[in-house]
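Visitor: There's a structure below that I have some questions on.
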Amino acid sequence: MNTGAMLGRLVAATIAIAFVSSVPALAQTLEQALGQAYRNNETLNAERASLRGIDEEVPQALSGFRPRVEATTYLGRRYLNEQGADGERETSTTTPRGVGLTAAQTIFNGSQTSNRVRMAENQVLAGREVLRVMEQTVLLDAVTAYMDVLRNAAVLELQRRNLDSLHEQLEVTRNRQIAGQLTFADVAEVRSRFASARSEVLAAEAANDASRATFERVIGSQPGKLTPGQPADRFVPSTLDAAIDVGRTEHPAVTAAMYGADVALLQTKIAEGALYPTVTLEGNVRRRWDATPEQFLPFPGTSTDASIVGRVVVPLYQGGSEYAKIRQSKEAIGQKRLSLEAVRKLAKATVVQAWGLTNAAKAQIESVQSQVQAAEIAYDAVRSEFGAGQRSTFELLTLQQELLNSRVALVNAQRARVVTSYTLLSAVGRLSPQVLGLPTKLYDPSVHYDQVRDSWFGIRTPDGR
C-alpha cells in the first residue's frame, strides 16, 4: 500500500487549508475576530466603564468654582417659665419656626481648586492610556486565541491522518506477517505506534477544545471557519532603533506614567495651597416666627435677617499635618519619575525581545520547511526500500514519525510567525483598531467626557441610567 504518499498528500492539504489557501467568503478573518473582541470583550468594556467613572472626577473638581446654596427650615415648640424681679412668675408657650437661605462662594483658596481640576484632567488622560494598554492586551489575546484555534485544528487533523495511516499500516503488516514476509515483532512495533498515535489524537482533541473555549472567552463567539492569519509586519517600524524610539515615546504604558508624574506634581501644589489664606463670600437670608398658639397671621414675633459677609481665614498652625502632606507629595513626585524611567526601560527591553522573537520566527519557518522537505524525501526513499525488503519496519515507522513531527513543527512555526509580529506591534504601542483598520465602530472616550464635564446637576448617566 502506498500509505506514505497518501499521508503526505493529505497532510500537505491540511496545512494548506489551515494557513495558506483561500477559504469560502463566509469564513471569519482575523481582522473581523479582532473587531468582535474590541466590541464585546468583557474585560475591555469593564475598563471603559472604569474610565467613565474617572471622567466624573473633573466635574467634581470644577464644583469648587461654583457657589454652594443651602436652604434650611425649622419648626418647634418652646415652653418658658420664669420669675421676674417683682417676684411674679410668668409662663409662655411659643411655636418657633423659620426658613433660611445660605449661599457661599470661594474667592481664593491658594489655587487649590484650579490645581484639582488640572489633576483630574490628567487623571482622565492617564486613564485613557490605561484603556489603550487594555485594548492592546485584549487584541493580542484575540490574535493568540485565533491562531491557536488554527494551529490546534491543523495539528489535530495531522494526528488523525497519521492515526488512519498507521491503522492501514497495521493491517498491511498483519497480512504480510501471515504471508511470512514479516515477523510478530514487526506487527508489535506498528501496534505500539498506533496506540501512541491514538493518545496523541486524544491530546490534540483536548488542546483543540481548550483553544476554542479560549476563543469564545476572548472574542465572544464560537470559532467557525477561519481564514489564515497574516503577520502585521507592515505596521511595524522597519528598523530596531526606530521601533525602540516609538516604544519609548508612544507606548500607552509610557504615556500613562508621564501623566501619573504630572498628577503627583499637581498633588504637591494642592498640598501647598493649604498654607495660603482662604477668602469666601457668604450671603444669608432668614425669616423667623416666634408665635404663641393664640397668634395668627400676621405674627407679631416675626423677624427678617439678611447679610453678606466676606470671610478671610489665615491658617497659622494646624499641628504640622499640612507640612507632612507637602513632604509626602514631593516624595511621590520622585517615585513617579523613577517609575516613568523604569517603564521606558521596560518598553525598550520588550521591543528588543519581541524584535528578536519575530526574526527568529521568520528564520524558523524557512528552517522547518527545509526539514519537512528533507523528511519527505527520506521517508519516500525508505518506504520504497521497505517494500523491497531492504529496510525494517522500525526504520519506516521512525521516519514516518519524524515527518509528522516536522509538519507539526511547521504548523507551530506558522502560528508563531503571526503571533510574534503582533507582539512586536504591541511592544511599540501600535496594536490598536485605528492602526489595524478593523471593521468595527471605534470607542471614543472623549464623548462621555464632554457629556459630563460641565454638568451642574443630575443623577442620570448619559446612557440613561
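Visitor: Name every residue in the stretch 98-127 that is touching a Phe, Trp or Tyr at 6+ places or on another chain (Cβ under 7 Å) and either aliphatic (A, V, I, L, M) or surrounded by fewer than 16 Cβ atoms within 10 Å (Cβ to Cβ) (or both), in order of residue number.
Guide: If the condition is that a residue be touching a Phe, Trp or Tyr at 6+ places or on another chain (Cβ under 7 Å) and either aliphatic (A, V, I, L, M) or surrounded by fewer than 16 Cβ atoms within 10 Å (Cβ to Cβ) (or both), then VAL124, LEU125, ALA126 are the ones that fit.
Visitor: Related question: Might you let me know whether the stretch 86-107 holds any residue that is part of a helix (DSSP H, G or I) and in contact with a Ser or Thr (Cβ under 6 Å, 6 or more places away or on another chain)? If you could, list the steps in order and put the result at the bottom.
Guide: First, pick out the residues of the stretch 86-107 that are part of a helix (DSSP H, G or I): none.
Within the stretch 86-107, none of the residues are part of a helix (DSSP H, G or I) and in contact with a Ser or Thr (Cβ under 6 Å, 6 or more places away or on another chain).
Visitor: Working only within the stretch 249-262, note down all residues that are within 16 Å of GLN136 (Cβ to Cβ), part of a helix (DSSP H, G or I) and not small (Gly, Ala, Ser).
Guide: Pass one, the stretch 249-262, residues within 16 Å of GLN136 (Cβ to Cβ): 249-257.
So of that shortlist, the ones also part of a helix (DSSP H, G or I) come out as 249-250, 252-257.
Within the stretch 249-262, THR249, GLU250, PRO252, VAL254, THR255 meet the criteria.
Visitor: While we're here: Just wondering, is there one or more residues in the stretch 263-276 that are part of a helix (DSSP H, G or I) and either among the polar types (S, T, N, Q) or within 21 Å of the chain's Cα centre (by Cα) (or both)? Write out each step before concluding.
Guide: Going through the stretch 263-276, the residues part of a helix (DSSP H, G or I) turn out to be 263-273.
Cutting the leftovers down to either among the polar types (S, T, N, Q) or within 21 Å of the chain's Cα centre (by Cα) (or both) gives us 267-268.
Yes: one or more hits.
Visitor: Same structure, new question: Quick one: is GLU189 farther than 30 Å from THR29 by Cα, among the acidic types (Asp, Glu) and surrounded by fewer than 15 Cβ atoms within 10 Å (Cβ to Cβ)? Quick ask: steps written out before the conclusion?
Guide: Working: farther than 30 Å from THR29 by Cα: yes; among the acidic types (Asp, Glu): yes; surrounded by fewer than 15 Cβ atoms within 10 Å (Cβ to Cβ): no.
Considered against the rule, which asks whether it is farther than 30 Å from THR29 by Cα, among the acidic types (Asp, Glu) and surrounded by fewer than 15 Cβ atoms within 10 Å (Cβ to Cβ), GLU189 comes out as no.
Visitor: Keeping to the stretch 99-126, report how many residues are touching a Gly at 6+ places or on another chain (Cβ under 6 Å) and over 19 Å from THR268 (Cβ atoms). Working first, answer last.
Guide: First, the residues of the stretch 99-126 that are touching a Gly at 6+ places or on another chain (Cβ under 6 Å): 103, 110-113, 126.
Still in the list and also over 19 Å from THR268 (Cβ atoms): 103.
The number of residues fulfilling the criteria is 1.
Visitor: Sticking with this structure for a sec: (1) in a helix (DSSP H, G or I); (2) surrounded by fewer than 20 Cβ atoms within 10 Å (Cβ to Cβ); (3) touching a residue at least 60 places away in the same chain (Cβ under 8 Å): which one isn't true of PHE215, the others all being true?
Guide: (2)
Visitor: Which condition number does ALA153 fail, the rest of (1) surrounded by fewer than 16 Cβ atoms within 10 Å (Cβ to Cβ); (2) among the small types (Gly, Ala, Ser); (3) assigned to a helix (DSSP H, G or I) being met?
Guide: So ALA153 meets the others, but not (1).
Visitor: Separate question: Please find, among LEU166, LEU131, the residue that is modelled with pLDDT of 95 or more and either touching a strand residue (DSSP E or B) at 6+ places or on another chain (Cβ under 7 Å) or among the aliphatic types (A, V, I, L, M) (or both).
Guide: Values: LEU166 fails: modelled with pLDDT of 95 or more.
Just a single option satisfies the conditions, and that option is LEU131.
Visitor: Taking the condition of being at pLDDT 85 or above and either not in a strand (DSSP E or B) or not hydroxyl-bearing (Ser, Thr, Tyr) (or both), how many residues in the stretch 280-314 meet it? Spell out the reasoning first.
Guide: Within the stretch 280-314, the subset at pLDDT 85 or above is 280-288, 304-314.
From the residues that got through so far, the ones that are either not in a strand (DSSP E or B) or not hydroxyl-bearing (Ser, Thr, Tyr) (or both) too are 281-288, 305-306, 308-314.
So the answer is 17.
Visitor: Here is a follow-up. What are the residues in the stretch 165-184 that are without any contact (Cβ under 8 Å) to a residue 12 or more places away in the chain and either aliphatic (A, V, I, L, M) or in a helix (DSSP H, G or I) (or both), if any?
Guide: Scanning the stretch 165-184 gives GLU171, ASN175, ARG176, GLN177, ILE178, ALA179, PHE184.
Visitor: If ALA409 meets every condition in (1) among the aliphatic types (A, V, I, L, M); (2) under 30 Å from HIS251 (Cα atoms); (3) surrounded by fewer than 19 Cβ atoms within 10 Å (Cβ to Cβ); (4) in contact (Cβ under 8 Å) with a residue 40 or more places away in the chain apart from one, which number is that one?
Guide: Of everything listed in (1) among the aliphatic types (A, V, I, L, M); (2) under 30 Å from HIS251 (Cα atoms); (3) surrounded by fewer than 19 Cβ atoms within 10 Å (Cβ to Cβ); (4) in contact (Cβ under 8 Å) with a residue 40 or more places away in the chain, ALA409 misses just condition (2).
Visitor: Restricting attention to the stretch 393-437, report how many residues are at pLDDT below 90 and in contact with an Asp or Glu (Cβ under 8 Å, 6 or more places away or on another chain).
Guide: 4
Visitor: Take VAL124 and tell me if it is under 33 Å from the mean Cα position of the chain (by Cα), of a type in the set (A, V, I, L, M), more than 19 Å from GLU57 (Cβ to Cβ) and modelled with pLDDT of 95 or more. Step through it out loud before you land on a result.
Guide: Details: under 33 Å from the mean Cα position of the chain (by Cα): yes; of a type in the set (A, V, I, L, M): yes; more than 19 Å from GLU57 (Cβ to Cβ): no; modelled with pLDDT of 95 or more: yes.
Taking the combined requirement at face value, the residue does not satisfy it.
Visitor: Moving on to the next point. Within the stretch 49-60, is there a residue that is farther than 30 Å from GLY273 by Cα and modelled with pLDDT of 50 or more?
Guide: yes
Visitor: Also, I was wondering about something else. Go over the candidates ARG430, ARG417, ARG407 one by one and state the one that is within 30 Å of GLU129 (Cβ to Cβ), among the charged types (D, E, K, R) and not in a loop (DSSP other than H, G, I, E, B). Even if it seems obvious, please write down each step before you answer.
Guide: On the way: ARG430 fails: not in a loop (DSSP other than H, G, I, E, B); ARG407 fails: within 30 Å of GLU129 (Cβ to Cβ).
It is ARG417.
Visitor: Let me ask you something else. Taking the options THR95, THR91, THR14, name whichever one is more than 30 Å from LEU226 (Cα to Cα), among the polar types (S, T, N, Q) and either touching a Lys or Arg at 6+ places or on another chain (Cβ under 7 Å) or modelled with pLDDT under 75 (or both). Let's see the steps before the verdict.
Guide: Values: THR91 fails: either touching a Lys or Arg at 6+ places or on another chain (Cβ under 7 Å) or modelled with pLDDT under 75 (or both); THR14 fails: more than 30 Å from LEU226 (Cα to Cα).
Residue meeting the stated conditions: THR95.
Visitor: Given VAL69, VAL117, which one is outside any strand (DSSP E or B) and without any contact (Cβ under 8 Å) to a residue 60 or more places away in the chain? Quick ask: steps written out before the conclusion?
Guide: Numbers: VAL69 fails: outside any strand (DSSP E or B).
On inspection, the qualifying residue turns out to be VAL117.
The values are calculated or read from the model by the stated rules, or taken from the named source; none is laboratory data. Note that the coordinates shown come from a computational prediction; the quantities given were computed from them, not determined experimentally. Using ideal geometry, Cβ is built from the backbone for each residue, glycine included, and neighbour counts are taken over all protein chains shown.
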